[in-house]
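A short write-up of the structure that comes next.
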Amino acid sequence: MTTRIRNCPGCGSKNVVSDSKHAELYCADCGMVIAENLVDTGPEWRAFDAEQACKRTRTGPGMSYRIHDKGLSTPTPIMPPGIRRVRWANIDSNEKTLTFALVEIDRMACALKLPVNIREAASVMYRRATKEKLIKGRSIEELVSAMLYIVCRQYGVPRTLKEIAEVSRSPLKKIRRAYIFLLRNLDIKLAPADPSLFIPRFCSELGLSPATRERAIEIIRGDKNVEMATRGWGPIGTAAAAIYIASILGGEYRTEKEIARAMGTTEITIRKRYKELEKRLNLKVDVTSSRKGICAIE
């Protein structure tokens, strides 16, 4: 039993005792009854360990859209021996589809190491698509994959379509088609992907120093036309080109092949992008002497 009264109004003592048996609050020094007929808002049961408390409590975890019933269902009690448990055979097909989709979201999000808020947002998007009748006649795997990609873009989490396709059961082509379908029908507006978000993760994979990583980010931010250049599907190409230039400038040369293998792109794409960056930023990168760490900046 708790109360806001801390001091005795009679003698000013702080030795105030709460008597739950008599529902009173009194001063242990002067004996003055400060309050009576108090209501105990605590539980009416007792528990002597954590397991017992977990079984007796009537509250549970917070509501979650990642669970098909939002975590608000009542669990089936354990039946005593000799009593058959009732099996609910007539489960709604929409409920089954929703359950499968939410399991797929959790599976793919775990494989991509995505935080809980991304999973919640993807689950909310799937429920919205179900409400607007966009699920019928389409593969759940490709829709869920596209939703995860859209939510990652909205929250600024650097994941590419190729990375999502690697953990999905649908090919990249179908995921891309579902992505366009959802953008049109759910009226979602996405800003162009920021290539600088991909740089820290891939610089770490390539073993580059923090100085090279910061230089690559500065190259991206120094390009005023980067938003126009990254419209479409491939911010990875621009990020790879920035890392390539920064590795040369910082004396930590990495070949186009090494960067392409780490970032899931091609050497031709890196070559094209870094020539575009070199032209727009007025840089002169000497690739022939880059193995020696020599480069010139205009």
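Tabulated data
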quantity: Amide proton proximity set for ALA35, modelled H, under 5 Å, gap of 5+; calculated: LEU25
quantity: R0 of 51 Å, Cβ-Cβ distance THR97-TYR253: FRET efficiency to nearest 0.05; calculated: 0.50
quantity: Ranked list, fewest to most other Cβ atoms within 10 Å of each Cβ, for PHE48, PHE202; calculated: PHE48, PHE202
quantity: Out-of-range pairs (alpha-carbon distance over 26 Å; input LYS55/LYS96; LYS173/LYS272; LYS133/LYS189; LYS96/LYS131; LYS174/LYS279); calculated: LYS55/LYS96; LYS174/LYS279
quantity: Computed magnitude of the charge dipole of segment 94-185 (debye, nearest 20; Cβ of K, R +1, Cβ of D, E -1); calculated: 340 debye
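Bear in mind these aren't lab numbers, they're just calculated from the coordinates by the rules spelled out. Given the structure is predicted, the values throughout are model-derived calculations rather than measurements. All Cβ positions, glycine included, derive from the backbone under ideal geometry; neighbour counts span all protein chains shown.
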